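Data block below; observations after.
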Amino acid sequence: MQCALCRIKECMRGKNCSVIKSGLEYTGDDLKSIQISARLESEYVKRTKLEEITIYAKRLGYKKIGIAFCIEYEREARLAYDILSRYFEVFSVCCKVSSFEKASLGIKKSEDLEFEAICNPIGQAQLLNDDLTDLNLMMGLKTGYDILFAKHSEAPSITLPVEELPQLTDSEIDIIE
C-alpha cells in the first residue's frame with residue numbers, strides 16, 4: 001500500500017483498493033473500541049488528547065490507568081495524574097525506576113558521573129502490568145524506550161503528547177458525559 005502517495009482517496013467513497021477483501025470483523029472489545037472512536041471523531045468537538053483518552057477510557061469501562069513517563073516530564077505527569085485521578089485509579093512510574101548503570105549494559109557514559117542511570121522501559125511496563133492497568137499512557141518516553149514499553153505492556157498503550165499539558169488549566173478540563 002502507498003496511501004500517502006494517493007491523491008484520489010476513493011476509499012472515502014467506499015472503494016476497497018486493498019488486499020483485504022473480506023473476513024475482517026470487529027467483534028467484542030474491538031467493536032466497542034471502534035464504535036467509541038468513531039463517535040469521538042464524529043462529534044466535531046475540539047478536545048485535547050487527554051480529554052479524548054479520558055472519554056474513551058470511561059466509555060470502555062476502564063478503571064485503572066497507568067502513566068509511564070520520562071523523568072524530564074515529572075511536572076506534566078503530575079498534572080495528568082491529578083486530572084485522571086478524578087475518574088480513574090491512576091498509577092505512575094518514571095523512566096529511571098529500578099534503573100541500570102549505563103556501563104553495566106555496555107553503554108558509554110555521557111557524563112563524568114559515578115553512576116549514570118539508563119531508563120528502564122521494560123521495568124516500567126512490568127510495574128504497570130503488576131498494577132493490572134487497563135490502559136497505559138506514555139509521556140515523553142524517548143524513541144526506542146517507547147517501543148520497548150509498548151512491546152512489554154500487557155495493557156494497550158498510547159502516547160500522550162506532553163506538549164499540550166503545560167497549557168491546560170483545570171477550567172479547560174470538561175469530561176462530562
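The values are calculated or read from the model by the stated rules, or taken from the named source; none is laboratory data. The structure displayed is predicted, hence computed values, not measured ones. Note that we place each Cβ from the backbone using ideal geometry, even for glycine, and neighbour counts take in every protein chain shown.
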Exercise for the section: State which residue pairs qualify: first residue over 14 Å from Leu160 (Cβ atoms) and inside segment 75-93, second residue at pLDDT below 95 in any location, beta carbons under 7 Å apart, and separation of 6 or more residues or different chains. Expected result: Tyr87/Ile175
Fill in the blank from the handout: segment 1-119: helices (runs of 4 or more DSSP H) wholly inside it with 2 or more residues that are touching a strand residue (DSSP E or B) at 6+ places or on another chain (Cβ under 8 Å) and surrounded by 17 or more Cβ atoms within 10 Å (Cβ to Cβ) are 49-59, 74-84
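How many residues does segment 124-157 contain that are polar (S, T, N, Q), in a loop (DSSP other than H, G, I, E, B) and within 19 Å of Ile53 (Cβ to Cβ)?
2
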Exercise for the section: Please name all residue pairs, on different chains or six or more residues apart, with Cβ atoms under 7 Å, provided the first residue is in segment 33-47 and is within 20 Å of Asp134 (Cβ to Cβ) and the second residue is modelled with pLDDT under 90. Expected result: Ile34/Tyr26
Handout entry: Residue in segment 104-115 that is touching a Phe, Trp or Tyr at 6+ places or on another chain (Cβ under 8 Å) and not hydroxyl-bearing (Ser, Thr, Tyr) present
Key = no
Exercise for the section: Give the residue that is nearest to Val162 (Cα to Cα), with candidates limited to residues of segment 13-63 that are under 18 Å from the mean Cα position of the chain (by Cα) and β-branched (Val, Ile, Thr). Expected result: Thr48
Practice task
Hey, can you tell me all the residues within segment 105-121 that are of a type in the set (Gly, Ala, Ser) and in contact with a Lys or Arg (Cβ under 9 Å, 6 or more places away or on another chain)?
Solution key: Ser110, Ala117
Handout entry: Condition met for Ala117 (touching a Ser or Thr at 6+ places or on another chain (Cβ under 6 Å), over 24 Å from Asp30 (Cβ atoms) and modelled with pLDDT under 95)
Key = yes
